[in-house]
Amino acid sequence: IYEGDIATINNVIITGNDRTNEHVVRRELRTLPGDKFSKAELIRTVRELANLGHFDPEQIEPNPIPNQSDGSVDIEYNLVGRATDQLEVSGGYGAGMLVATVGIRFSNFAIGRIFDPKAWRPVPSGNGQTLSVRAQTNGKYYQSYNFSFIEPWLGGKKRNSFSVSFFH
C-alpha cells in the first residue's frame with residue numbers, strides 16, 4: 001500500500017436541491033474548489049448543511065469522485081429538501097376567558113423575490129431567511145401582534161445576522 005499525494009478539490013456538484021437557492025448551499029461549504037481534500041472538512045460541511053434545516057440530515061450524502069490521472073477529486077452532495085414552514089394554532093381557557101393564538105413561520109423565505117409574481121408558491125422562498133407572523137387575543141381585553149424577519153447572511157459574505165421585529 002502506498003499513499004499518493006493529497007488530492008485537490010476540482011468541482012463541487014450539488015444535486016437534488018429543488019427548494020433552496022444554490023448560493024445558500026454553497027455559502028455553507030467548507031470543501032471548495034482548489035482546496036486540498038480533507039475528510040474533516042467534508043464531515044463539517046455535512047453537519048453545517050444539516051444545521052440549515054432545509055434538508056433531511058439523514059439523506060445528505062457526500063460522494064467524493066477521485067480522478068487518479070490528475071490527482072484531483074470532485075465532490076457531489078446529494079441533498080433532499082424538506083418542509084420547514086410551521087403553522088401554529090392554539091387556544092386556551094382560563095379566568096373565564098378564551099385565549100386564541102395563530103401564527104405562521106416561513107424558514108426559507110426570499111424577501112428579494114417578494115415583487116416577483118411567479119415566486120409566490122405560496123410565498124417567495126429559497127434564500128434561507130425567516131419570516132414569522134403571530135397574533136394572540138382573548139377578544140377585547142388582550143391583543144398581541146408579532147412580526148419578525150431574520151437575514152442570516154447580511155451582505156452575503158459573512159455570517160452577519162440581521163433581524164427586525166415589530167410587536168403591538
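The values are calculated or read from the model by the stated rules, or taken from the named source; none is laboratory data. Being a predicted model, the structure only gives us computed values, none of them experimental. Neighbour counts are summed over all protein chains in view; Cβ atoms, including those assigned to glycine, are modelled from backbone coordinates with ideal geometry. Side chains are part of the model used for accessible areas, which takes the heavy atoms of the whole protein and leaves out ligands, DNA and RNA. Shrake-Rupley method; radii C 1.70, N 1.55, O 1.52, S 1.80 Å.
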The stretch 48-121 -> Rg/Rh from Cα coords, Kirkwood Rh, value 1.27
For the stretch 1-85 the chymotrypsin sites (Phe, Trp or Tyr not before Pro) that pass both the DSSP coil test and the at-most-11 other-Cβ-within-10 Å test are Tyr2
Evaluate the distance, in nm, between pseudo-label points positioned 7 Å from the Cα of Leu87 and of Asn160 along their respective Cα→Cβ axes.
3.8
Among Leu52, Gly81, Leu42, pick out the residue whose Cα is farthest towards the positive end of the charge dipole of the stretch 38-83, where Lys and Arg carry +1 and Asp and Glu carry -1 on C-beta, about the Cα centre.
Leu52
Looking at the stretch 89-120, which chymotrypsin sites (Phe, Trp or Tyr not before Pro) are DSSP coil and have at most 16 other C-beta atoms within 10 Å of their C-beta?
Phe115, Trp120
Can you tell me the orientation of helix 39-52 relative to the chain, as the angle in degrees between its alpha-carbon axis and the longest Cα principal axis, to the nearest 10?
20
Taking the chain and counting helices only, DSSP H stretches of n ≥ 4 at -39,500 (n - 2.57) each over all residues, the nearest-500 ellipticity at 222 nm comes to -3500 deg cm²/dmol
If N is the residue count of the stretch 36-91, its Cα Rg over 2.2 N^0.38 Å rounds to 1.60
Place a +1 charge on the Cβ of each Lys and Arg in the stretch 62-166 and a -1 charge on the Cβ of each Asp and Glu, then give the dipole magnitude about the Cα centre in debye, rounded to the nearest 20.
460
Can I get the semi-axes of the stretch 42-168's equivalent ellipsoid? Compute them from the C-alpha gyration tensor as square roots of 5 times the eigenvalues, in angstrom, largest first.
41, 17, 13
Surface/4 estimate of mean projected area, convex hull on alpha-carbon atoms of the stretch 120-161, nm²
4.4
GNM flexibility winner over the chain from Leu42, Leu98, Leu154 (Cα, springs under 10 Å)
Leu98
Any chance you could list the semi-axes, whole Å, largest first, of the equivalent ellipsoid that the Cα gyration tensor gives for the stretch 1-101, using √(5λ)?
44, 12, 10
Give me the percent of accessible area attributable to carbon and sulfur for the stretch 1-156, probe 1.4 angstrom.
54
Could you work out the relative contact order of the chain? I mean the mean sequence separation of Cα pairs under 8 Å and 6+ apart, divided by the number of residues, in percent.
17
